[in-house]
Each structure stands twice: as C-alpha cells, then as structure tokens.
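Please read the structure below before turning to the comments.
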Amino acid sequence: MKITAISRSPSLVEKVATRLAELTRGEDAEGGRRLPAVQALSEQLGVSRSVVREAVKRLETQGLLEVRQGVGMRSTDNLHKPLTQAVELLVPDAQERLRQLVQVRLMLEPEHARLAALNATPEQRTHLQEVYDRLATAETLKAAIEADMAFHHALAAASGNQVSAMMLLSLTDLLKASLSRGYSRVTTESAIVEHGIILQAVLARDAEAAETAMRRHLDTTLDELALPPKKRVARKRSTRN
C-alpha cells in the first residue's frame, strides 16, 4: 500500500514572519527602516499580537530585525550574527577560528573570483573598481578594513551565486577579526597589490587568472596572520594489567 505524505501548510507565525521579512528586504527598508509597533502590525495583518511577537522573535534571531526596548523595531542586516555566536561556542579559541575561516574562504572565494570574471555586470565591475580605489587610498586602518571587506563582498555578489555570497556575508564578524589581525602586523601594500591583480583579472574576464589570484591572496593572508601551529592533543596510551 502506497502512503502519500501529508502536505504541511505554513503556520500563521511562519506566514507573518515571511511577510515581515519581505518588508525588511524591500527597497524602502534600507537604511534601518523602522517598522510599526506590534499593536499596529497586529491590526494591519489581521492577526493576534502574540503571533506578531513570535514572528518578530524569529526574525530577530535570524538577524533581520533589531528590537530595542523603548525604541521599537527596525530592519537590519545582521544575518551573520547568529552564525558568529554559534561559531564562538563551537570553536572557543579565537586563533583556531581564524585558521578555519581561511580554510572556508579558500573553499568559497577562488570560485567567487572565477565566476565574477564570467558573470559580473557592467555596474558590478564599476562597483568593484570603486571599492578597490577606496582600499588603495585608505588613510586609516579602519577605512582599509572596511574597503577590504567590501571588495570581497562585492566580488561574491558579482559571482551571481546568491547562496555562496550569503555564506560569505555570514562570516562578516570573523572576516573583520581576521583583517584586523593581519593589518595590525603588516602594511596595506600587499593587500593593495593583490586585490589589484584580482580586479584586473575580473575586468579582463579571465576566469582562470582571477581564481589563481584569489587563491594566492588567501595564501598570503594566512601567512600574514602568523597563527601559531595548531596544538595537537596527545593521546594517552592504554595500560594493560
């Protein structure tokens, strides 16, 4: 006898969360647009306040909403926050987190560069050049870090793979910590040169060169972090009676 699975309709809370998420992703939600209070949302959506509160709680956990007592709710772009908190619990050693971050970046970013060379739109190519110029002319450590991060995020967006770009975005806090450590040890000179090589390969639509340049850049990044060797836990020898 064949049994057909029962389709599961989204709950009311899921529907409200989806509707609010659509508002946070809309063009008018940029810049931290404030959302109506729970009572107003309840009336506008035709649901109870408890349903709105639960939906808001879900979006806050996901990093799409920020709720402050006495201030209200506003859309935000902190999708990386939940992952950051989870990673800090899973990998409590800060240096080991940075080591594993570079490993993940080596999985993602050479492909971002390769795809960007193939898929970047004229607008995205112009944006990459603008972000690179910001890095090349940065006068402070903070400005250099922000421009460096923006370049990698712009490259991920230009790849055309939204899932992979979102994965890199979720690593924002770790990436910032990595860049802060690297730039505190060396000047921005090598970063400017290597980002420039990546940019020129993307602008030339040379996918292979872009991929290779990014891989070399991440190898340099690991060297500049100067992380100590990974500690190995010695296994105790079993004793026999």
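Tabulated data
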quantity	calculated
Top positive-direction residue, dipole computed over the range 43-148 with Cβ charges, set Ala143, Val47, Leu59	Val47
Dipole magnitude of the range 133-199 about its Cα centre (Cβ charges: Lys, Arg +1; Asp, Glu -1), debye to nearest 20	180 debye
Positive-end residue of Met166, Leu23, Leu12, charge dipole of the chain with Cβ unit charges	Leu12
Thr121 paired with Arg49, simple spin-label distance in nm, labels 7 Å along Cα-to-beta-carbon	4.3 nm
Solvent-accessible area per residue for the chain (1.4 angstrom probe, square angstrom)	63 Å²
For the range 96-241, with +1 on Lys and Arg beta carbons and -1 on Asp and Glu, the positive-most of Leu227, His153, Ile192 along the dipole	Leu227
Along principal axes, Cα extents of the chain, largest first, whole Å	73, 57, 53
Most mobile listed residue (Gln124, Gln62, Gln39) in the chain, GNM with C-alpha springs under 10 Å	Gln39
Expected 222 nm ellipticity per residue - DSSP helices of 4 or more, -39500 (n - 2.57), all of the chain, to 500	-22000 deg cm²/dmol
Contour excess over end-to-end distance, with Cα ends at Asp206 and Ala94 and 0.36 nm allotted per residue	36.7 nm
Of all accessible heavy-atom area on the chain, the percent that carbon and sulfur account for (1.4 Å)	52 percent
Dipole magnitude of the chain, debye to nearest 20 (Cβ charges: Lys/Arg +1, Asp/Glu -1, about Cα centre)	1620 debye
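The values are calculated or read from the model by the stated rules, or taken from the named source; none is laboratory data. Only a predicted model underlies this, so the values are computations on that prediction, with no experimental measurement involved. For neighbour counting, all protein chains shown are included, and Cβ atoms are generated from backbone atoms with ideal geometry for every residue, glycine included. To get the accessible areas, we keep the full protein, side chains included, count just its heavy atoms, and leave off ligands, DNA and RNA. Shrake-Rupley method; radii C 1.70, N 1.55, O 1.52, S 1.80 Å.
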